[in-house]
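Read the figures in this text as sums done on the coordinates, not as results from a lab. Only a predicted model underlies this, so the values are computations on that prediction, with no experimental measurement involved. Cβ sites come from the backbone with ideal geometry, for glycine too, and all protein chains shown count toward neighbours.
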Amino acid sequence: MSVNNKVLVIDAGNTSVKWIAFDNELIVWSERELHLESNSALLTNSEYVSFQPDRLYFASVRSDADNRLLLASVKVLYPNVKLYILCSEKEACGVANPYIEPGRLGIDRWLSVLAVRELFLGGVVIVDVGTALKNRILLRRTDSTKEDILFLVLK
């Protein structure tokens, strides 16, 4: 008996929406759209329509309105998919997220901070190169169990 393991991952970032579809470990298709409005064309492509994922992992730093619009379109196309929304939290694993709106910190960057906190004991600098070059400095306080995180954006 084979296990059906079809997964769709959507990453709605500040500058584009990235889609990638997996059938087990095989990448079936991927797409990058620069404008949210162009996703409606993406959702009518027969290659994408024929792919029916079991699970959808959704990460976004977009507004709630944009997320509702995108997810509504996706649910029409994939009505039976199990949806997992991945988001940064205010605090996790002893690390406080310094963003006023914690969900605006990309999940990839949040998870990198949590992983580094788990793997290294001292202060750490994480250099993250994406749309912007960002540094994260994880400092350990001696008087508390919480870490201080300093985010720098270099232009």
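Work out the length of the dipole vector of the range 52-124 about its Cα centre, built from +1 on the beta-carbon of each Lys and Arg and -1 on the beta-carbon of each Asp and Glu, and round it to the nearest 20 debye. Working shown, then result.
Values: 9 positive and 8 negative charges, 33 e Å.
Here the range 52-124 has a charge dipole of around 160 debye.
Listed highest first by mean packing, meaning other Cβ atoms within 10 Å per residue, what order do 61-71, 91-101 come in?
61-71, 91-101
Apply 1/(1 + (r/R0)^6) to the Cβ-Cβ distance of SER50 and GLU25, taking R0 = 30 Å, and write down the FRET efficiency to the nearest 0.05.
0.95
Need the full-extension length gain, GLU101 to SER16, defined as separation in residues times 0.36 nm minus the C-alpha distance. One decimal, nm. It would help to have the intermediate numbers written out before the result.
On the way: separation 85, 0.36 × 85 = 30.60 nm, distance 2.00 nm.
That works out to 28.6 nm of additional length.
Based on the Cβ-Cβ distance of VAL125 and ARG32, what FRET efficiency does E = 1/(1 + (r/R0)^6) give at R0 = 22 Å, to the nearest 0.05?
About 0.15, to the nearest 0.05.
Extending each Cα 7 Å along its Cβ direction at ASN4 and ALA65, get the distance between those two points in nm, one decimal.
3.8 nm
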